[in-house]
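Okay, here's the structure, questions in a sec.
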Amino acid sequence: MLRALTSALRLPRPWRPLQTRSCASDGAAGDPEIQVRALAGPDQGITEILMNRPSARNALGNVLVSELLEALARLREDQQVRVLLFRSGVKGVFCAGADLKEREQMSEAEVGIFVQRLRGLMNEIAAFPAPTIAAMDGFALGGGLELALACDLRVAAASSAVMGLIETTRGLLPGAGGTQRLPRCLGVALAKELIFTGRRLSGAQAQALGLVNHTVPQNEEGNAAYHRARALAQEILPQVDIASGMAIEGICYAQNIPTQDRLEGMAAFREKRPPRFVGK
């Protein structure tokens, strides 16, 4: 089954307090498993999703997936979001992948439904209208790496980040886009090797292969990749998103329509002569 799938493949700023704009859904029992934070000051325009499920190493269970989907649906309508950053509030881990303990209690039908929702989550991240960055300071395994692959950019701690599509070592296969996004990132042959073996890579190894954009030495706080991702997001902020750019283009074109020079340019084209522009 795995071979059948893969055979079809184609090709820091100093820390300061954050302002919380919104939190995860409060419909689930217990504390929210994510927080959505809008940064302020020079970071205004950067929003981050903080995954915080320490009891399960940020494993992707029903509640966490639901909260991520709800947050993305809200944020995609928020024009203040210029860059979206995914990070972990659990030291030493980005996301340990799917919650296999929870999945073990599901029926076959429930497993199928959940995997579809998980795949839908990754598609929502991949289709998010603003640039997305994954800050991997620790383990990003299975679905955790698939989440990072769904982002536009990836930053990792050189030594503490460990990543891999390890599903084959559990009798599974990557089911949330990994068989499609990894080969598009690394090429088919290398992606097959990593998927077939379930090999784990350090941040430094991942950068050497082109799996991540940047690596950084880890700091004492364990959040060096987050700070590098935030600095990368600041570089992106001055860029105009496509929707805003199209709106600006429309405004400029509307200003051009009534000008004499536009009419002169069209007349010159029709009469096959050089235009005589007057700046009006």
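Residues in the stretch 201-222: is at least one within 29 Å of ARG103 (Cα to Cα), among the hydroxyl-bearing types (Ser, Thr, Tyr) and in a helix (DSSP H, G or I)?
No - not one qualifying residue is present in the stretch 201-222.
Just checking, does the stretch 164-181 include any residue being surrounded by 11 or more Cβ atoms within 10 Å (Cβ to Cβ), in contact with a Leu (Cβ under 9 Å, 6 or more places away or on another chain) and in a strand (DSSP E or B)?
Looking through the stretch 164-181, at least one residue is surrounded by 11 or more Cβ atoms within 10 Å (Cβ to Cβ), in contact with a Leu (Cβ under 9 Å, 6 or more places away or on another chain) and in a strand (DSSP E or B).
Shifting gears a bit: For ARG154, are the conditions met, namely being in contact with a helix residue (DSSP H, G or I) (Cβ under 6 Å, 6 or more places away or on another chain), within 18 Å of ARG228 (Cβ to Cβ), at pLDDT 95 or above and charged (D, E, K, R)? Break it down into steps so the answer makes sense when it comes.
Values: in contact with a helix residue (DSSP H, G or I) (Cβ under 6 Å, 6 or more places away or on another chain): yes; within 18 Å of ARG228 (Cβ to Cβ): yes; at pLDDT 95 or above: yes; charged (D, E, K, R): yes.
Taking the combined requirement at face value, the residue satisfies it.
Collect the residues in the stretch 139-163 that are in a loop (DSSP other than H, G, I, E, B) and within 10 Å of GLY97 (Cβ to Cβ), keeping them in residue-number order. Working first, answer last.
As a first pass, look at the stretch 139-163 and keep what is in a loop (DSSP other than H, G, I, E, B): 142, 151-152, 158-161.
Result: GLY142, single match.
Moving on to the next point. Condition first: open to solvent by less than 10 Å² (accessible area, probe 1.4 Å) and either in a loop (DSSP other than H, G, I, E, B) or under 21 Å from ALA126 (Cβ atoms) (or both). Now tell me which residues in the stretch 76-110 satisfy that.
VAL83, LEU84, LEU85, PHE86, PHE94, CYS95, GLY97
Here is a yes/no grid of residues against (1) modelled with pLDDT of 95 or more; (2) more than 21 Å from LEU209 (Cα to Cα):
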{"residue": "GLY89", "(1), (2)": "no, yes"}
{"residue": "LEU118", "(1), (2)": "no, yes"}
{"residue": "THR168", "(1), (2)": "no, no"}
{"residue": "LEU182", "(1), (2)": "yes, no"}
{"residue": "GLU193", "(1), (2)": "yes, no"}
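Could you list, in sequence order, all residues of the stretch 130-161 that are surrounded by 24 or more Cβ atoms within 10 Å (Cβ to Cβ), of a type in the set (D, E, K, R) and touching a strand residue (DSSP E or B) at 6+ places or on another chain (Cβ under 8 Å)?
Matches in the stretch 130-161: ASP137, ARG154.
While we're here: Quick one: how many residues across the stretch 186-208 are exposed (fewer than 15 other Cβ atoms within 10 Å of the Cβ) and hydrophobic (A, V, I, L, M, F, W, C)?
The total comes to 3.
Next question, about the same structure. Only one of these conditions is not met by GLU124: (1) open to solvent by 20 Å² or more (accessible area, probe 1.4 Å); (2) more than 13 Å from GLY144 (Cα to Cα); (3) at pLDDT below 95; (4) of a type in the set (D, E, K, R). Which number is it?
(3)
Here is a further query. Report yes if some residue within the stretch 203-213 is within 18 Å of LEU39 (Cα to Cα) and either among the β-branched types (Val, Ile, Thr) or modelled with pLDDT under 95 (or both); otherwise report no.
no
The values are calculated or read from the model by the stated rules, or taken from the named source; none is laboratory data. What you see is a predicted model, and the numbers here were worked out from it, not measured in a lab. Cβ: placed from backbone, ideal geometry, glycine included. Neighbour counts: every protein chain shown. To get the accessible areas, we keep the full protein, side chains included, count just its heavy atoms, and leave off ligands, DNA and RNA. Shrake-Rupley method; radii C 1.70, N 1.55, O 1.52, S 1.80 Å.
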